[in-house]
Amino acid sequence: MEQPERARRLSELYDEVLGGGRVPGAPRPLVAASWERSLAAAVDPELDQPPVVVDEEILAALRDNHPLEAVLPVLRQTLTTIADEASHIMIITDAQGTILWREGASDVKRQADRIALSEGAVWSEDKIGTNGMGTALAVGEPVQIHSAEHLVRRIHEWTCAAAPVHDPDTGKLLGAVDVSGPLRTVHPAMVALVTAAAQLAEGQLKVRMAAADEMLRARNMRHLMALGDAPGALLTPTGRVLAVQPLEWLPDRLVVPDGADRIDLGDGREGLVERLDEGYLLRMPGTPVRRSRPSLRLKLLGSGQPIAVVGGREIALTLRRAEVLALLLLHPSGLTAEQLMLQLYGDEGNPTTVRAEMHRLRNLLGGGVLDTKPYRIIADVSGDVTDVQTAIRQGDLCTALDLYAGPLLARSDAPALRAEREELDATLRRAALDARSADALWTFAQTSTGAEDLEIFESLKAFLPPDDPRHAAVAARLNRLVD
């Protein structure tokens with residue numbers, strides 16, 4: 001059936017059903033159920049526009065804290081070009097149906113504005129009735145709503161396809177991905193497209209979750225290792241099991257009620273849980289008191305001499321030894337000699353060289369600091385580079401900038417450390433620029449990384465108050481950088 005004819009038949013069906021008349025056939029079960037839910041929520045089919053539109057300040061806060069912000073680039077790449085070509089717009093909502101982002105052709109966005117299909121408007125079923133986004137959120141699966149299948153008459157000139165996006169960690173609904181357009185532009189492939197985009201977004205979130213898991217393990221593995229040979233496990237804040245030592249069996253996830261210090265392991269056993277800064281440490285009743293371990297502090301940032309502090313004793317490190325310790329700090333689960341070789345030398349290395357260096361390093365640092373099979377740090381370890389990473393992850397830019405003394409092992413050419421150094425510098429630089437704060441930019445500009453950065457100084461000039469005494473220094477540096 002041609003789309004205009006289909007729209008006409010749907011409109012007739014809409015008028016008859018909502019008018020209480022008898023008609024042959026009926027709306028699709030999906031649509032009929034949605035109409036029933038919408039009418040039960042007292043949605044008026046003659047509603048002029050969504051009754052709820054959040055203000056710009058609330059919208060900004062919703063965007064900043066929403067997990068889908070991290071996957072916007074992949075959604076744009078997947079949907080926006082196609083939406084433009086098909087005279088559609090791409091929409092992303094949160095789990096409550098609030099439109100967080102909308103992109104697409106300007107003329108289509110202007111048409112969408114007339115029905116409040118715009119950022120900040122709430123398009124849940126209980127606010128605006130049957131529609132692609134709200135119905136996808138309500139049923140938890142991809143849907144396409146066409147023409148008079150919308151409950152509100154004013155939206156009958158539109159068609160939309162949407163798919164929900166779920167959190168790969170908890171399975172909770174995060175929001176919906178939608179492609180909407182005027183009735184004449186409907187395309188049957190849109191459902192498949194938004195479904196693929198939602199799956200791609202979930203895949204990207206899963207990759208990010210895996211990276212976050214590795215970082216959490218890196219920061220908290222010492223708590224598990226402190227149990228010695230006693231059984232235990234490291235859990236994420238949502239109860240997923242990240243690391244185990246030796247327990248006969250554990251499910252992939254455990255329920256940890258707020259404030260609980262004992263939990264059911266699902267097989268009649270009971271475990272003790274200890275709240276960490278991130279996640280939980282699980283141990284069994286009767287676990288012996290933790291053994292005391294030496295402390296190791298690594299100073300690896302900046303152009304100065306790398307330093308290891310073992311139990312208060314400072315040890316100057318050669319570049320190669322600092323590189324080995326940096327890699328073990330960033331990989332708390334440990335690395336084999338072959339893995340260390342690749343990260344230090346690339347394909348040109350020799351595992352025998354690494355083993356010899358590790359032997360010398362263990363003698364230098366003393367007992368209880370390094371272990372073998374795999375090589376790993378077993379001391380109570382901390383480092384300036386991981387402190388900066390933690391502050392960035394927690395959104396504490398001021399602390400991150402205060403702790404950042406310069407690039408990670410600036411003289412190192414080890415492939416893995418070069419990548420880590422560049423990522424840390426780029427992340428901190430981007431955070432300083434995005435903060436749009438004169439103080440944050442000034443602090444970063446005082447580092448060796450920011451001192452030669454033209455964009456940093458141009459931004460700093462723009463954000464300094466007119467009477468700020470730092471203007472002269474900034475102007476002088478800009479003149480030098482431009483020349």
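The values are calculated or read from the model by the stated rules, or taken from the named source; none is laboratory data. Remember, predicted model here, so these are calculated numbers, not experimental data. Neighbour counts run over all protein chains shown; Cβ positions are idealised from the backbone, glycine included. With ligands, DNA and RNA removed, areas are computed over all heavy atoms of the protein, side chains included. Shrake-Rupley method; radii C 1.70, N 1.55, O 1.52, S 1.80 Å.
Over 17 Å apart: what share of the alpha carbon pairs of the stretch 270-410 falls there, rounded to a whole percent? Across the stretch 270-410, Cα pairs with separations above 17 Å total 66 percent. Plainly put, the stretch 86-196 has a radius of gyration that is 0.93 times its Kirkwood radius, both from alpha-carbon atoms, as the Rg/Rh ratio.
Over the chain, what relative contact order in percent results from Cα pairs under 8 Å that are six or more residues apart? Present the calculation step by step, with values, prior to reporting the outcome.
Numbers: 810 pairs, mean separation 42.6, N = 483.
Reported relative contact order: 9 percent.
Shown in residue order for the stretch 114-130 are the 3J(HN,Hα) couplings computed by the Karplus curve 6.51 cos²θ - 1.76 cosθ + 1.60 at θ = phi - 60°: 5, 10, 6, 8, 9, 4, x, 7, 9, 10, 6, 4, 6, 10, 10, x, 4 Hz (x for Gly and Pro). Calculated accessible area for the stretch 326-483 comes out at 50 Å² per residue, all protein chains present (probe 1.4 Å; ligands, DNA, RNA ignored). Under the convention that each Lys and Arg Cβ holds +1 and each Asp and Glu Cβ holds -1, the size of the dipole of the stretch 33-114 around its Cα centre is about 240 debye. Excluding same-chain neighbours fewer than eight residues apart, the aspartates and glutamates reachable from LYS373 by a Cα-Cα span under 12 Å are GLU338.
Surface exposure of the stretch 164-308, expressed per residue as accessible area with a 1.4 Å probe, stands at 49 Å². Partner aspartates and glutamates whose Cα lies under 19 Å from the Cα of LYS172, excluding those fewer than 8 positions away in the same chain, are identified as ASP64, GLU69, ASP94, GLU125, GLU141, GLU202, ASP213, ASP252, ASP258.
Taking the longest Cα principal axis of the chain as reference, the axis of helix 190-225 is set at about 30 degrees.
I'd like the orientation of helix 319-330 relative to the chain: the angle between its Cα long axis and the longest Cα principal axis, in ° from 0 to 90, rounded to 10. Value to nearest ten degrees: 40. Of the solvent-accessible surface of the stretch 231-340, computed with a 1.4 Å probe and all protein chains present, 49% belongs to carbon and sulfur. Here LYS299 is the anchor, and the aspartates and glutamates within straight C-alpha reach of less than 12 Å, apart from those fewer than 8 places off in the same chain, are GLU314, GLU323, ASP384, ASP387.
Quick one: accessible surface of TYR404, probe radius 1.4 Å, all protein chains present, in square angstrom to the nearest 10. Ignoring ligands and nucleic acids, TYR404 comes out at about 10 Å².
Roughly speaking, what is the stretch gain from LYS206 to ALA230, that is 0.36 nm per residue apart minus the C-alpha to C-alpha distance, in nm to one decimal? Show your work: numbers first, answer last.
Details: separation 24, 0.36 × 24 = 8.64 nm, distance 3.12 nm.
Between LYS206 and ALA230, full extension yields an extra 5.5 nm.
For ALA260, the amide hydrogen comes within under 5 Å of no other amide hydrogen, counting only partners 5 or more places away or on other chains and with H modelled in the peptide plane. Using Cβ point charges alone (K and R +1, D and E -1), the dipole size of the chain about the Cα centre works out to roughly 1560 debye.
Residues VAL179, VAL255, VAL244, sorted by accessible area with the largest first, give VAL255, VAL244, VAL179 [1.4 Å probe; ligands and nucleic acids excluded]. Once C-alpha pairs closer than 8 Å and six or more residues apart are averaged by separation and normalised to the residue number of the stretch 334-377, the relative contact order reads 49 percent.
How far is helix 351-365 tilted off the main Cα axis of the chain, in degrees rounded to 10, range 0 to 90? Roughly 70 degrees between the two axes. Amide H contacts of HIS166 (H built 1.01 Å from N, in plane; Pro and chain starts excluded): LEU174 sit under 5 Å, all sequence-distant by 5 or more or on other chains. For the pair MET284 and ARG253 in one chain, pulling the backbone fully straight at 0.36 nm per residue adds 9.5 nm over the alpha carbon distance.
THR443 sits with roughly 50 Å² accessible to a 1.4 Å probe, with DNA, RNA and ligands left out of the calculation. Residues in the stretch 307-318 carry Karplus couplings, in order, of 10, 10, 10, 10, x, x, 9, 7, 10, 6, 10, 5 Hz; the curve used is 6.51 cos²θ - 1.76 cosθ + 1.60 with θ = phi - 60°, and Gly or Pro positions show x.
Once Rh is set to the Kirkwood radius over Cα pairs, what Stokes-Einstein translational diffusion coefficient, in µm²/s, holds for the chain at a temperature of 25 °C and a viscosity of 0.890 mPa s? It would help to have the intermediate numbers written out before the result.
Numbers: Rh = 26.6 Å.
Once the numbers are plugged in, D ends up at 92 µm²/s.
May I ask you to compute the full-extension gain from ASP483 to ALA426, defined as 0.36 nm times their residue separation minus their alpha-carbon distance, rounded to one decimal in nm? Write out the running numbers ahead of the final one.
On the way: separation 57, 0.36 × 57 = 20.52 nm, distance 2.43 nm.
Between ASP483 and ALA426, full extension yields 18.1 nm more.
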